[in-house]
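Remarks on the structure that follows.
The values are calculated or read from the model by the stated rules, or taken from the named source; none is laboratory data. Remember, it's a predicted structure, so these values are computed and weren't measured experimentally. Here the Cβ is made from the backbone with ideal geometry for all residues, glycine too, and neighbour counts use every protein chain on show.
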Amino acid sequence: MFLTAALTVGGSVLLGLAARKDDKNPFFVLGGLALLGIAVFMRLTGTGPLLDSVGFAAAELGAGLLIIAGMVAGKKEQARSFFMLGMGSMVLGVVIILLRGSMFSSSEQVTLLVELGPDDSYEEIAAVVEAHQGVAERAFPMVDLAEDEDLAQVYLIRLPKDCREALRKILDLDTENVDHTELNPTFSLDLPATEPIEEMLPLDVLENDPLVGSQWALEAIRGHEAHALLQDAEPVRKAVVAIVDTGVDASHEDVSSVFGESPGSRDRHGHGSHCAGIAGATTNNGLGVASLNWEGRFVTILGFSALGDNGLGTAESTAEGIISAAEAGADVISLSLGGQSPITPKVMVDAVKFARKRGAVVIAAAGNSNIDAKKSVPSNIEGVIAVGAVNERLAKAPFSNTNSSLSRPISAPGTNILSLRPGGGYVKLSGTSMATPMVSGLAGVLRALNPELTADEVYGILKDSGRSVAGSGTVGTMIDAEQAVRSVLDA
């Protein structure tokens, strides 16, 4: 704090002036002590940790005493005393500050995921967890043993960072009670920059959504032609598309009428709302943008918040979102999230299995690092449709990860995609995050037309009806909404 430093210097100068004279000027003495006292008081009562305040106060006081020592250098005994006191005070201050930093580092809280055997209970490991300052809770309390023996036995343990590895080693040796331990990696959203493009209004389209002329992607996937088929089609039932993301602004004008009751009904970040609009914005309603959800008759959108308002999430929070979506009856689970991980977290693998066992089509973004997505979770999990991005030139987007090494590659437009912004309005974003809900929305329409389609059959239709574009060998065929819809209607 600049003010306390200035007061310390001022007080020290006054005391130094007093100490240089044999007849101490009471004004200098009292004034100097007052300024030093005020500086120390301000330090100790200011914002921030108390130990930090004490440390900085001691260091500043030490600096002041060294100033006095310099001013009375002609009086060796006095100078020596002030110098020793000053150095001692400064050293003490530095030690306190370093000690506090060490304490803060050691007390940083992290998490560990521990899976017990189906016949084991937490009480069997409670003592060793508590000995390492850990606090545990069930990671997925919504799942019972009858539903999934693995997920029901996963515990999330919060503990100091410097205790995690020691506890993990002990638990890994406890093979009688512990089936698996793993870290809980953090994932963050990584969107490439959006570049402005020239907008061209289609001359003759069915949709009356005012911004449809800015949606190049709809034309690229032959969405207008798909709408011509869907306007006269009747869904067997509305399909449920779950957006597992930062949540969805359920009150937005272009999604409110198709949003179903679900926990992620708010979105302060914006990413989830953008994805929701791509997947299922009400189309031909005279508002905003168009999706494949003609007149809102084919898809219901649900929101689940796996990522926080800052766009950060973990393996556990993502798995929880997938599980919750599956239990809510999602036909399609859209995951525009994830990141690189040398080891695929088991909880995410188990969550995908849980969802697929309940019939959900799981679709995930391949990532935006222009590398092989084989280490990109959750798109690299078996059974997940991995989505790469195509640009306006109908070629692989430069940022898109490749997904040809994965078992279910597909691609869709992912650059300069116009969709919802929380609080009203619309915005363009780019990324495989945008390509993913485009695939998810189409998968939802297919499920609405034929709810009996399996997840594997849905992928087969997307792949076989898709079009080859430049780079399809690395990101899969690009979806063709018209051909996909026609193949189901004609079946």
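Of the residues examined, Arg447 is one that is in contact with an Asp or Glu (Cβ under 7 Å, 6 or more places away or on another chain), of a type in the set (D, E, K, R), in the same structural domain as Ala373 (by TED's automatic domain parsing) and within 24 Å of Ala360 (Cβ to Cβ).
Within the range 212-263, being closer than 15 Å to Ala276 by Cβ and among the aromatic types (Phe, Trp, Tyr) holds for one residue alone: Phe259. Within the range 389-413, residues that are closer than 11 Å to Gly476 by Cβ have Cβ atoms under 6 Å from residues that are aromatic (Phe, Trp, Tyr) in these pairs: Arg408/Tyr459, counting only partners at least 6 apart in sequence or on another chain. The requirement of being farther than 23 Å from Lys353 by Cα and surrounded by 23 or more Cβ atoms within 10 Å (Cβ to Cβ) is satisfied by Ile417.
Restricting attention to the range 311-323, the residues that are surrounded by fewer than 24 Cβ atoms within 10 Å (Cβ to Cβ) and small (Gly, Ala, Ser) add up to 2.
Annotation note: Cβ proximity below 6 Å between a residue of the range 337-350 that is closer than 9 Å to Val377 by Cβ and a residue that is among the charged types (D, E, K, R) and not in a strand (DSSP E or B) (sequence gap 6+ or interchain) occurs for Gln340/Lys375. The set of residues in the range 237-257 that are small (Gly, Ala, Ser), under 23 Å from the mean Cα position of the chain (by Cα) and within 14 Å of Gly444 (Cβ to Cβ) contains only Ala242. For the range 207-223, the condition holds for no residue, the condition being that it is in contact with a helix residue (DSSP H, G or I) (Cβ under 8 Å, 6 or more places away or on another chain) and surrounded by fewer than 17 Cβ atoms within 10 Å (Cβ to Cβ).
Could you tell me which residue of the range 264-297 is nearest to the chain's Cα centre (by Cα), considering only residues that are assigned to a loop (DSSP other than H, G, I, E, B) and hydrophobic (A, V, I, L, M, F, W, C)?
Top of the filtered list is Ala281.
The set of residues in the range 312-334 being touching a Leu at 6+ places or on another chain (Cβ under 7 Å) and part of a strand (DSSP E or B) consists of Gly313 alone.
Which numbered condition in (1) closer than 30 Å to Ala5 by Cβ; (2) exposed (fewer than 13 other Cβ atoms within 10 Å of the Cβ); (3) in contact (Cβ under 8 Å) with a residue 12 or more places away in the chain is the only one that Lys76 fails? (3) is the only condition that Lys76 fails.
Taking the range 416-491 and the helices (runs of 4 or more DSSP H) fully enclosed by it, the elements with 3 or more residues that are small (Gly, Ala, Ser) are at 432-449, 455-465, 481-489. Taken together, the residues in the range 131-164 that are part of a helix (DSSP H, G or I) and modelled with pLDDT of 95 or more amount to 3. In the range 210-239, the residue that is modelled with the highest pLDDT out of those that are part of a loop (DSSP other than H, G, I, E, B) and over 28 Å from Gly329 (Cβ atoms) is Arg222. Filtered by the rule that a residue be of a type in the set (Val, Ile, Thr), buried (at least 17 other Cβ atoms within 10 Å of the Cβ) and under 25 Å from Leu462 (Cα atoms), the range 226-271 gives Val240, Val241, Ile243, Val244, Val255, Val258.
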